[in-house]
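Asks: Mind having a look at this structure? Questions to follow.
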Amino acid sequence: MATTTSAPDTALDYTQTVRWRETWSQVMEGFVPHLASLEETLCRVAEAVCGRAPGRVLDLGGGPGLLAERMVRRWADAEVTLMDIDPVLLALARGALTGKVRVLEGDLSTPGWVDHAGGHYDLLTVVMTLHYLPPAQVRAFYDDARRCLAPGGLLIVADLMPDEGLPSLMGALNPEAAAEFAWAQWWSDIADLEALRPLLAQREAIFGSHLPVEFTAPASWHTTAAREAGFGQAGILWRCGRHAALAAVA
């Protein structure tokens, strides 16, 4: 699915939008330990690969636009686009980023997102999103991402990618349990907002047919999938426990 239909007005004022985005940031920091380190590494690698600040950037599954906003602050001349499927998070992004970031609705489980986003991007980022998709769709995503990049462009995928060498006890301990509770609490709190109820109903309809698969393949699986999709180079650039970030150069 990819559509240019604008999200309805949410009637949230700017202060409310900022507050909900800030609390979302706190939730994500629980899911991804040392998130600031990941983002700094991501930006430094992108600058090194491009030989400059990337000119065109696409943040896939970018939610309310926190990473997109940080990138446009760092790279003032960059054209930054955010794409997500969640109408609530898209509304928060639009409410905060008007005039700074192009915000699009798109579904990464279908190839239509590539045509909607356009091509020739220097950098594609996708953080804590691919685990929603089953293996076949993740493989298809790597093919689609390569088509979306300019020659020599960089894809960075950050997600749960367990290292085969980590003790199995780490999985049993489930360090994400507290973050999952915070996630559920965030959505419970935001459901009380009258202004967002139409978007929450849309979200429920969308995710009724897009249940998260929780696909967490090891990093080696993602590296192989990227190379099979035609990326010339692929490898891990960052790791923190079960979380890792893959860099692949088209």
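FYI, it's all coordinate maths here, none of it is from the lab. Every value quoted in this text rests on a predicted model; they were computed, and no experiment measured them. Because the Cβ atoms are built from the backbone with ideal geometry, glycine has one as well, and the counts that use them run over all protein chains shown.
Asks: If I stretch the segment between Ser220 and Ala201 completely, what's the gain in nm (0.36 nm per residue apart, minus their alpha carbon distance), one decimal? Before the final figure, lay out each step's value.
Replies: Numbers: separation 19, 0.36 × 19 = 6.84 nm, distance 3.83 nm.
That pair, Ser220 and Ala201, stretches by 3.0 nm at full extension.
Asks: In addition: Could you give the dipole magnitude of the range 8-249 about its Cα centre, charging the beta-carbon of Lys and Arg +1 and that of Asp and Glu -1, in debye to the nearest 20?
Replies: Details: 19 positive and 30 negative charges, 128 e Å.
Charge dipole of the range 8-249: 620 debye, to the nearest 20.
Asks: So between Asp13 and Ala150, what do we pick up on full extension, going 0.36 nm a residue minus the alpha carbon distance? Write out the running numbers ahead of the final one.
Replies: Values: separation 137, 0.36 × 137 = 49.32 nm, distance 3.78 nm.
Result for the pair: 45.5 nm of gain on full extension.
Asks: For Gly55, what residues show an amide H to amide H distance below 5 Å, using hydrogens built from the backbone and excluding near sequence neighbours?
Replies: The answer is Asp122.
Asks: Residue by residue, what Karplus-based ³J(HN,Hα) values in Hz, rounded to whole numbers, does the range 50-63 have, using 6.51, -1.76 and 1.60 with θ = phi - 60° and x for Gly and Pro?
Replies: Couplings: 6, x, 5, 5, x, x, 10, 10, 10, 9, 8, x, x, x Hz.
Asks: Would you mind getting me the FRET efficiency between Leu193 and Lys100? Use the beta-carbon distance for r and R0 = 30 Å, nearest 0.05.
Replies: Step by step, r from the Cβ atoms, then E = 0.80.
Asks: Something else about it: Toward the positive end of the charge dipole of the chain, about the Cα centre and with charges on Cβ (Lys, Arg +1; Asp, Glu -1), which of Leu155, Leu196, Pro54 goes farthest?
Replies: Looking along the dipole axis, the top candidate is Pro54.
Asks: Here is a follow-up. FRET efficiency for Ile236 and Ala136, Cβ-Cβ distance as r, R0 = 30 Å, nearest 0.05? If you can, show how the numbers build up before the last one.
Replies: Working: r = 23 Å, r/R0 = 0.76.
FRET efficiency, Ile236 to Ala136: 0.85.
Asks: Name the residues whose placed amide hydrogens come within less than 5 Å of the amide hydrogen of Val103, ignoring near sequence neighbours (fewer than 5 apart) on the same chain.
Replies: Close amide H contacts, sequence-distant or interchain: Leu82.
Asks: Per residue, what volume in Å³ does the Cα convex hull of the range 200-243 take up?
Replies: On the way: hull volume 5.8 nm³, N = 44.
Per residue, the Cα convex hull of the range 200-243 comes to 132 Å³.
Asks: While we're on this one: Report, in deg cm²/dmol and to the nearest 500, the calculated mean residue ellipticity at 222 nm for the chain, where each DSSP H run with n ≥ 4 adds -39500 (n - 2.57) and the sum is divided by the residue count. Provide the component values of the computation, followed by the final result.
Replies: On the way: 10 runs with 114 residues, N = 250.
Using -39500 (n - 2.57) per qualifying helix, the result is -14000 deg cm²/dmol.
Asks: Still on this structure, please answer the following. P(r) for the range 8-249: what percent of alpha-carbon pairs falls in each 5 Å bin, starting at zero?
Replies: With a bin width of 5 Å, the distribution comes to 1, 6, 14, 19, 20, 18, 13, 7, 2, 0.
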